[in-house]
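**Q** Pasting a structure below so you can have a look.
The values are calculated or read from the model by the stated rules, or taken from the named source; none is laboratory data. Since the structure is predicted, the reported quantities are computational estimates derived from the model, not experimental observations. Reconstructed Cβ throughout: ideal geometry from the backbone, glycine too, with neighbour counts over all protein chains shown.
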Amino acid sequence: MGRGKIEIKKIENSTNRQVTYSKRRAGIMKKAKELTVLCDAQVSLIMFSNTSKLSEFNSPSITMKETYDRYQQITGLPLWQSHYEAMQENLNKLKERNNKLRREIRQRSGEDDLDNLTIEDLHSLEQNLDTSLKTVRDRKYHSISTQTDTYKKKMKSVLRTHNDLLHEIARVEDLYARGQHDEDYQATLELANGASHMLTFRLQPSQPNLHNGGYGPDELRLAFE
């Protein structure tokens with residue numbers, strides 16, 4: 001039993017319309033691939049759904065741009081003319097803006113001929129220069145203030161370290177004034193200045209000289225503590 005002929009008209013039901021589009025889109029894509037392989041044809045296919053979703057196919061032997069160029073060459077239709085004219089118009093606007101900015105820079109630096117400017121133009125230029133000068137000065141003062149605060153913090157840190165060292169030296173001198181041994185004073189002072197290890201030694205008699213009631217010059221030896 002054959003399938004009935006479908007009337008070609010817009011499908012009103014949106015769900016059915018979307019299903020039909022998906023099925024027939026897949027069929028067209030399949031036919032385009034078959035034409036490319038079987039007939040060595042160069043096929044470019046573009047489709048947009050009613051929701052503006054793009055579907056496309058292009059033969060591997062040709063790019064889409066090459067397809068446009070061949071179509072334009074064969075049909076004589078200027079496909080890129082409007083795009084070129086829009087780009088040229090945009091380029092002209094950019095050139096005009098660039099020339100205006102260069103002219104303003106020359107005027108602000110006094111290089112351009114200011115005699116051609118009207119009183120209003122000169123007044124506007126003066127206001128712009130005053131505004132620019134104020135902005136530069138504010139930025140300069142802000143930079144100076146920031147650097148000054150940084151230097152003040154560094155100075156406070158140095159003074160605090162200096163006072164700590166003075167306090168430590170005074171403490172060591174106080175210990176020495178109370179009768180501490182010179183070696184203990186020297187060791188404490190070394191530690192206060194950051195020494196972590198110190199080796200001290202003193203002279204010690206090896207044997208007493210009973211006849212002379214003391215120690216002979218050659219009877220002393222070094223004893224490490």
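**Q** Which residue, of Thr118, Thr15, Thr63, Thr75, is surrounded by 11 or more Cβ atoms within 10 Å (Cβ to Cβ) and free of Cβ contacts under 8 Å to residues at least 12 places away in the same chain?
**A** Answer to the check: Thr63.
**Q** In this structure, is Ala32 in contact with a Leu (Cβ under 6 Å, 6 or more places away or on another chain), modelled with pLDDT of 90 or more and more than 30 Å from Glu12 (Cα to Cα)?
**A** No.
**Q** For region 27-60, which positions are in contact with a helix residue (DSSP H, G or I) (Cβ under 9 Å, 6 or more places away or on another chain), surrounded by 15 or more Cβ atoms within 10 Å (Cβ to Cβ) and not aromatic (Phe, Trp, Tyr)?
**A** Gln42, Val43, Ser44, Leu45, Ser55, Asn58, Ser59
**Q** Among Asp121, Asp130, Asp69, which is more than 30 Å from Lys30 (Cβ to Cβ) and either over 38 Å from the mean Cα position of the chain (by Cα) or outside any helix (DSSP H, G or I) (or both)?
**A** That would be Asp121, the only listed residue that is more than 30 Å from Lys30 (Cβ to Cβ) and either over 38 Å from the mean Cα position of the chain (by Cα) or outside any helix (DSSP H, G or I) (or both).
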